[in-house]
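Before any comments, here is the structure.
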Amino acid sequence: MAKLRAAIKGIHAWAPEDVLTNQDLEKMVDTTDEWITTRTGIKERHILKGEGLGTSDMGVEAVKGLLKKTGTKPEEVDLLICATVTPDMQFPATANIISDKVGIKNAFSFDMNAACSTFIYALVTASKYVESGEYKKVIVVGGDKMSSITDYTDRATCVIFGDAAGAVLLEPTTEDVGIIDHRFYTDGSGRVHLHQKAGGSVKPASHATVDAREHFIYQEGQPVFKFAVTNMADVAVEIMQRNHLSSDDIDWLVPHQANLRIIEATARRMKLQKEKVMINIQRYGNTTNGTIPMCLYEWESQLKKGDNLVLAAFGGGFTWGAIYLKWAYDGKKQG
Ligand code: UT7
């Protein structure tokens, strides 16, 4: 019997309307459009504004659109996983909140957190449920309201992050498409360079932690950059070699959008022309778990059945990895 694989059968994504430009940031902190553009490639990012709105609200928009365009009824969904570092609250899982808000009633759901790599980790986790044959319709949501943990007085981080969410539908297939291979890594010693100091069990929230601004992202940019630039490229090349893929065989690189220089270095190592690299960092910044689904969504109409895609990500922790998958449908047809 042909091996059961998990294939992405639909993608939808959503970013809030409000835009924060480099010019806006010039008025908030000591920075320039020139510095941000040359060091990161970012021009603007979208910010979720409004009392009481969180990551689940963006996830809901993405999932609603996904259900509609794939003709899926909420009650048909078997499992929903949400990849996020900015859950609505510590518990319950944002996945449960999304499911409740869109009427997904016959599924179980949970969150995953591996910083910026969570979406690709979650995609593979979901694929294993599908490959088991027991789960027919699995949704993976990737989204973050990074503005909720960004310190808008810290010029080194506030220029980078933005808000967005996307969702994919995975279904079983016996065709020669779907998720084929992955390589994932973790190095927990990297946590010192990128983390959120307070709000967890080691340092619960207190007046002192709020006063010390410890609920925001803490990032030492340079060590993170050095680790990211080497490891995201290494793992992307490794996935190519493991699957005997040359640069000509690859149709698209879908990289996590953390810094244009990291994306370009990865593409160079893979010997890919830039036309094959999905890049929208200039319009969204780093939306953490929203980056890869946002790219897939924006490029969907150009994707063809059988296209070879490499998804690659790097995140705090450190976590990093790459997926090799064959796209399962002609994007134009689904619209
Ligand atoms: O997705 C999660 C993983 N995260 C990443 O992959 C992020 C990786 N790191 C980076 O992308 C880059 O390190 C940053 C974009 C965060 C910073 O760029 P950099 O080229 O590494 O700059 P730097 O941190 O070495 O800082 C260079 C200078 C410093 O000034 P001095 O000490 O040379 O006088 C900073 O204070 O640039 C200064 N600087 C800024 N200047 C203007 C830092 N932020 C800004 C700013 N505007 N926004």
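Long hydrophobic helices in the chain: the complete DSSP H runs spanning 30 Å or more by Cα along their own axis with mean Kyte-Doolittle hydropathy of at least 0.0 are 221-242.
For the stretch 273-282, putting each phi into the Karplus relation 6.51 cos²θ - 1.76 cosθ + 1.60 with θ = phi - 60° gives couplings of 6, 5, 5, 9, 10, 7, 9, 9, 4, 4 Hz, in residue order, rounded to whole numbers and with x for Gly and Pro. The translational diffusion coefficient of the chain, from Stokes-Einstein at 25 °C and 0.890 mPa s with a Kirkwood hydrodynamic radius over alpha carbon pairs, comes to 124 µm²/s. For the chain, the relative contact order comes to 25 percent (Cα pairs under 8 Å, sequence separation of at least 6).
Of the residues Leu170, Leu194, the one with the largest accessible area comes first in the ranking Leu194, Leu170, computed with a 1.4 Å probe on protein heavy atoms. Among the protein heavy atoms, those of Ser147 account for about 20 Å² of accessible surface (1.4 Å probe, every chain in place). If you run the Gaussian network model on the chain, springs between alpha carbon atoms under 10 Å, then out of Gly71, Gly306, Gly54 the most flexible one is Gly71. Heavy-atom accessible area with a 1.4 Å probe sorts Asp24, Asp18, largest first, into Asp18, Asp24. Heavy-atom accessible area, probed at 1.4 angstrom with all protein chains present, ranks Asp187, Asp30 as Asp30, Asp187, highest first. Helix-derived [θ] at 222 nm for the chain: sum -39500 (n - 2.57) over DSSP H runs of at least 4, divide by residue count, nearest 500? About -9500 deg cm²/dmol. Put simply, the amide H of Phe318, placed in the peptide plane, has neighbours under 5 Å in Asp187, Gly188, Ser189, Gly190, Arg191, leaving out anything fewer than 5 places away on its chain.
Along the axis of the charge dipole computed for the chain (Cβ charges of +1 for Lys and Arg, -1 for Asp and Glu, origin at the Cα centre), the listed residues Ala322, Thr84, Ile263 are led at the positive end by Ala322. Past the 26 Å Cα-Cα mark, which pairs from Lys101/Lys304; Lys49/Lys128; Lys9/Lys73? Checking Cα-Cα distances, Lys101/Lys304; Lys49/Lys128 exceed 26 Å.
Given their separation in residues at 0.36 nm each and the Cα-Cα distance between them, Val29 and Ala2 gain 4.0 nm when the chain is fully extended.
In the chain, what % of DSSP beta bridges are antiparallel (nearest 5)? Close to 70 percent.
Listed values for the stretch 4-19 are Karplus-derived 3J(HN,Hα) couplings in whole Hz (6.51 cos²θ - 1.76 cosθ + 1.60, θ = phi - 60°), namely 7, 10, 9, 10, 6, 10, x, 9, 9, 8, 8, 10, x, 5, 5, 10, and x replaces Gly and Pro.
Taking all Cα pairs closer than 8 Å and separated by 6 or more residues, the relative contact order of the stretch 5-176 comes to 34 percent.
Take the chain and mark each of the trypsin sites (Lys or Arg not before Pro) that is in a DSSP loop with at most 15 other Cβ atoms within 10 Å; the longest unmarked stretch, sites excluded, is 137-196.
Rolling a 1.4 Å probe over the protein heavy atoms gives the chain an accessible area of 43 Å² per residue. Carbon and sulfur together cover what percent of the accessible area of the chain at a 1.4 Å probe radius? Result for the chain: 52 percent of the exposed heavy-atom area is carbon or sulfur. The equivalent ellipsoid of the stretch 1-154 has semi-axes of 33, 17, 14 Å, largest first, where each one is the square root of 5 times an eigenvalue of the Cα gyration tensor.
Ranking Thr174, Ser148, His12 by how far each Cα lies toward the positive end of the dipole of the chain (charges on Cβ) leaves Thr174 at the top.
The values are calculated or read from the model by the stated rules, or taken from the named source; none is laboratory data. Not measured: the values here are computed from a predicted model. When we count neighbours, we look across all protein chains shown, and the Cβ atoms used for this are built from the backbone with ideal geometry, even at glycine. SASA here: full protein model, heavy atoms, side chains in, ligands and nucleic acids out. Shrake-Rupley method; radii C 1.70, N 1.55, O 1.52, S 1.80 Å.
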